[in-house]
Amino acid sequence: MQYALRPASGLAPKTIPLKRPILASLLAACLLLFPSPGSPQEQTDLSALIDGLQKKYSRMKGIAADFVQVYRGPDGRTRREGGRLILKRPGKARWDYSSPEKKLFVSDGKNIFFHVEGERHATRAPVRESVDPQIPFLFLLGRGNLRRDFSKIETVSSERPVSAGNVILRLFPRKAPDSFKQLLVEVSPSSFEVRRLVIFEQSGARIDFLLDNIRENFVAPDAQFSFTPPPGVSVVPAR
């Protein structure tokens, strides 16, 4: 069962080196919904889930959570990383990777900084030019709109949820870099809490983000989203 969305008049990731983090803003879907075949109950449930998800996160001031990030490349390579993330409205994000190596991805809302512990250079890029997969997460703070930014949203039965009873949605972005294909969102139908995001790239790569120990409306001080280079580290433009 799915909803097809009428084109409206009117950020997402490209393949990232394994050392580079992955967050991105959770894009979203279009204005008018036209249900394709499916029972009225299924259509109502999907519409209610979309509305509940949008309402919950558009009102949220901040989020903190533990995360596990799993990259599966088209060549079969797999890389598992983990750490702690903090998001704050408007557009601020901090990802502290603790395993297998320490690295930091931080956005002050205007620029994104990335640094791997022990390296002599950190990178900086304007948020508006970023293609980092971490950027879909900014939807969780109300920057995205599901009924505007995605051309189609449908439920997925072929993917097993991490937690029993959760629902998985597949979303097709209306505007995104060529490398970004689609997004899966695993959500609790009772609390509308997002527990997993999966990004599919045109290259065939898949990136899973699993969230745990979530603290809703956690408001971190702005100092958490500023980047001060460690001694001996210079900041260079991202390529």
*State whether the residues of region 122-130 include one that is under 17 Å from the mean Cα position of the chain (by Cα), modelled with pLDDT under 90, more than 24 Å from residue 233 (Cβ to Cβ) and not in a helix (DSSP H, G or I).*
no
_Selection status of residue 210, in contact with a Leu (Cβ under 8 Å, 6 or more places away or on another chain) and either at pLDDT 90 or above or buried (at least 18 other Cβ atoms within 10 Å of the Cβ) (or both)_ = no
*Top-ranked residue of region 80-131 - restricted to ones that are among the acidic types (Asp, Glu) and out of contact with any helix residue (DSSP H, G or I) (no Cβ under 9 Å at 6 or more places or on another chain), ranked as nearest to residue 63 (Cα to Cα)*: 96
_Suppose the filter is surrounded by fewer than 17 Cβ atoms within 10 Å (Cβ to Cβ), over 30 Å from residue 218 (Cβ atoms), at pLDDT below 90 and among the polar types (S, T, N, Q); does residue 15 pass it?_
no
*asked:* Could you go through region 35-42 and let me know if any residue there is more than 24 Å from residue 226 (Cα to Cα), surrounded by fewer than 20 Cβ atoms within 10 Å (Cβ to Cβ), modelled with pLDDT under 95 and in contact with a Pro (Cβ under 9 Å, 6 or more places away or on another chain).
replied: yes
*Say we look at region 56-84 and pick out the residues that are of a type in the set (Lys, Arg) and at pLDDT 90 or above; which of these is surrounded by the most Cβ atoms within 10 Å (Cβ to Cβ)?*
72
_Qualifying residues in region 89-120 (those that are among the aliphatic types (A, V, I, L, M) and either touching a Cys at 6+ places or on another chain (Cβ under 7 Å) or over 17 Å from residue 67 (Cα atoms) (or both)) - the one modelled with the lowest pLDDT_ = 112
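Here's the yes/no breakdown for (1) closer than 19 Å to residue 105 by Cβ; (2) more than 15 Å from the chain's Cα centre (by Cα):
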| position | (1), (2) |
| --- | --- |
| 206 | no, no |
| 209 | yes, no |
| 221 | yes, yes |
| 225 | yes, yes |
| 237 | yes, yes |
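The values are calculated or read from the model by the stated rules, or taken from the named source; none is laboratory data. Predicted model only: the values in this text are computed from it and were never measured. FYI the Cβ positions are ideal-geometry reconstructions off the backbone, even for glycines, and counts take in every protein chain you see.
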